[in-house]
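Worksheet: one structure, shown below.
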Amino acid sequence: MAEELPSLAAELEALVDVPGPVSTVDAYRAQRDGEARLRRRRRGAVAAVGVAVVVAATLSLTLPGGGGQSLGPAGPGSPSAVPSFSRSPLSTPSPTRLPSALPSGAATQTTAPYTGRSPLTAEAEFGWLPERVRTVRYQLSPMGLTMIAETDDAGDSPTRFSLQAFPAGTTPPMSDFPGGSHALKVPAPPVNGQEAYWVSSDDPGYAQALNILRWKSPDGRWLELTSDHLSAADRQQLPLRIAETAVVERRSIPLPLRLDGIPPGFVLSSASFERRNGSGPESWRVELIYSSTPGKYFSTVVTPGGGAGCKSSGGVSACVGMDMANALADLGGAEGWLAKVTLLGADPANWTTDVLN
């Protein structure tokens with residue numbers, strides 16, 4: 001896996017310099033598909049380096065295709081089985097949000113403040129999700145922050161939902177596709193009384209590739225939900241129900257570490273926080289990918305448990321992986337970087353949003 005990182009890092013670095021409107025490309029589909037494959041490779045080797053964000057310029061302007069197993073709604077008022085990302089007592093939960101089942105041993109609240117330097121700040125989050133969803137992830141890339149929910153990882157094509165909020169005052173673009181085909185707006189039922197539409201194409205191939213639903217939130221911002229690998233029976237009803245219960249609220253996500261004394265010139269390239277139903281070494285995972293200099297990337301991965309060559313404290317460990325052996329040479333290698341990491345333990349009540357210092 002390490003041999004894949006230089007090319008992935010180069011692609012990521014090139015993308016950062018490319019200007020463009022929000023969400024005119026589907027960077028996330030390629031990113032998520034790549035991440036799913038790579039996660040399967042690195043399970044059992046927690047100390048392995050995290051993979052830099054994989055980006056491809058495929059347009060995210062299509063309607064759903066067939067294929068995939070029917071998920072089916074969980075029934076009116078049914079709680080989701082999605083892992084819970086608990087809110088701070090400083091925040092008032094939206095009354096439209098349905099309760100989520102917590103993983104074993106997880107706290108129901110966190111006292112983490114909403115100030116500080118958080119790498120993961122969501123503008124919109126899932127409310128209801130189908131019962132078969134087992135993984136929820138906050139993913140920061142050069143294209144912004146996306147919240148992703150997936151079913152079990154059996155196979156290369158899990159059902160996946162990706163939620164993103166456009167900046168206030170931004171009108172989502174309707175761009176043409178390669179080959180000259182055009183994007184089309186297809187009216188959708190209103191979402192909580194607000195305007196909504198599907199994005200499709202006059203090319204049947206594009207129109208059957210993905211499922212994109214856009215709608216306005218009560219504060220006037222546009223949201224976008226991309227659904228992958230849905231059956232024909234689910235391709236409209238599930239996205240609409242997920243959209244109706246989405247929570248539109250700015251919130252920094254508490255994490256189980258703090259980084260102090262980050263050297264000048266070190267740039268955060270991507271970050272993620274993933275949580276799965278259940279407990280054990282794969283129940284959650286935090287990854288921060290930095291570049292020490294252009295083209296030299298390294299990852300910091302925090303998980304429950306411990307690992308050889310990693311820093312461990314309070315039931316969690318932090319491991320460093322590098323795409324180039326000298327990425328941290330000026331700090332004395334991985335040990336020098338880990339000296340800047342403070343681990344906050346496995347109890348989410350002790351986690352913080354004041355991560356990057």
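Please go through (1) surrounded by fewer than 21 Cβ atoms within 10 Å (Cβ to Cβ); (2) at pLDDT 90 or above for LEU163 and return the number of the only condition it doesn't satisfy.
So LEU163 meets the others, but not (1).
Just wondering, is there one or more residues in the stretch 313-330 that are of a type in the set (D, E, K, R), free of Cβ contacts under 8 Å to residues at least 24 places away in the same chain and closer than 28 Å to VAL136 by Cα?
Checking the stretch 313-330: not a single residue is of a type in the set (D, E, K, R), free of Cβ contacts under 8 Å to residues at least 24 places away in the same chain and closer than 28 Å to VAL136 by Cα.
Can you tell me which residue in the stretch 270-289 is nearest to GLU125 (Cα to Cα), limited to those that are surrounded by 21 or more Cβ atoms within 10 Å (Cβ to Cβ) and small (Gly, Ala, Ser)?
SER272
Scan the stretch 331-357 for residues that are of a type outside the set (Gly, Ala, Ser), in contact with a strand residue (DSSP E or B) (Cβ under 7 Å, 6 or more places away or on another chain) and in contact (Cβ under 8 Å) with a residue 60 or more places away in the chain and jot them down. Show your work before the answer.
At the first step, the residues of the stretch 331-357 found to be of a type outside the set (Gly, Ala, Ser) are 331, 335, 337-338, 340-344, 347-348, 350-357.
Filter again for in contact with a strand residue (DSSP E or B) (Cβ under 7 Å, 6 or more places away or on another chain), leaving 337-338, 340-344, 351-357.
Once the filter is applied, which keeps residues that are of a type outside the set (Gly, Ala, Ser), in contact with a strand residue (DSSP E or B) (Cβ under 7 Å, 6 or more places away or on another chain) and in contact (Cβ under 8 Å) with a residue 60 or more places away in the chain, the stretch 331-357 yields LYS340, VAL341, THR342, LEU343, LEU344, TRP351, THR352, THR353, ASP354, VAL355, LEU356, ASN357.
Within the bounds of the stretch 309-329, is there any residue that is assigned to a loop (DSSP other than H, G, I, E, B), modelled with pLDDT under 90 and within 26 Å of TRP351 (Cα to Cα)?
Looking for residues that are assigned to a loop (DSSP other than H, G, I, E, B), modelled with pLDDT under 90 and within 26 Å of TRP351 (Cα to Cα), one finds at least one in the stretch 309-329, hence yes.
Does the stretch 259-287 hold any residues that are within 15 Å of TYR297 (Cα to Cα) and either acidic (Asp, Glu) or assigned to a strand (DSSP E or B) (or both), and which are they?
Residues satisfying the conditions are VAL267, LEU268, SER269, SER270, ALA271, GLU287.
ALA308 - would you say it is surrounded by 18 or more Cβ atoms within 10 Å (Cβ to Cβ) and not β-branched (Val, Ile, Thr)?
It is false that ALA308 is surrounded by 18 or more Cβ atoms within 10 Å (Cβ to Cβ) and not β-branched (Val, Ile, Thr).
Out of (1) modelled with pLDDT of 95 or more; (2) more than 30 Å from GLY314 (Cβ to Cβ); (3) of a type outside the set (A, V, I, L, M, F, W, C), what's the single condition that is false for ARG235?
Of (1) modelled with pLDDT of 95 or more; (2) more than 30 Å from GLY314 (Cβ to Cβ); (3) of a type outside the set (A, V, I, L, M, F, W, C), only one is false for ARG235: (1).
Can you pull out every residue in the stretch 231-246 that is surrounded by fewer than 19 Cβ atoms within 10 Å (Cβ to Cβ) and closer than 29 Å to ALA349 by Cα?
THR245, the sole residue that qualifies.
Please count how many residues of the stretch 202-217 are aliphatic (A, V, I, L, M) and assigned to a loop (DSSP other than H, G, I, E, B).
Residues in the stretch 202-217 being aliphatic (A, V, I, L, M) and assigned to a loop (DSSP other than H, G, I, E, B): 2 in total.
Kindly indicate whether GLU249 is in contact with a strand residue (DSSP E or B) (Cβ under 7 Å, 6 or more places away or on another chain), assigned to a strand (DSSP E or B) and of a type outside the set (A, V, I, L, M, F, W, C).
Criteria not met by GLU249.
From the list VAL248, VAL186, pick out the single residue that is β-branched (Val, Ile, Thr), in contact with a Lys or Arg (Cβ under 8 Å, 6 or more places away or on another chain) and in contact (Cβ under 8 Å) with a residue 40 or more places away in the chain.
It is VAL248.
Kindly indicate the residue of the stretch 224-246 that is of a type in the set (S, T, N, Q) and part of a loop (DSSP other than H, G, I, E, B) and also nearest to the chain's Cα centre (by Cα) among those meeting that condition.
The residue in question is THR245.
Would you confirm, using the coordinates I've provided, whether TRP215 is buried (at least 18 other Cβ atoms within 10 Å of the Cβ), touching an Asp or Glu at 6+ places or on another chain (Cβ under 7 Å), in contact (Cβ under 8 Å) with a residue 12 or more places away in the chain and closer than 24 Å to LEU120 by Cα?
Yes: the conditions hold for TRP215.
The values are calculated or read from the model by the stated rules, or taken from the named source; none is laboratory data. Everything numeric in this text was worked out from a predicted model, so none of it was measured. Neighbour counts are summed over all protein chains in view; Cβ atoms, including those assigned to glycine, are modelled from backbone coordinates with ideal geometry.
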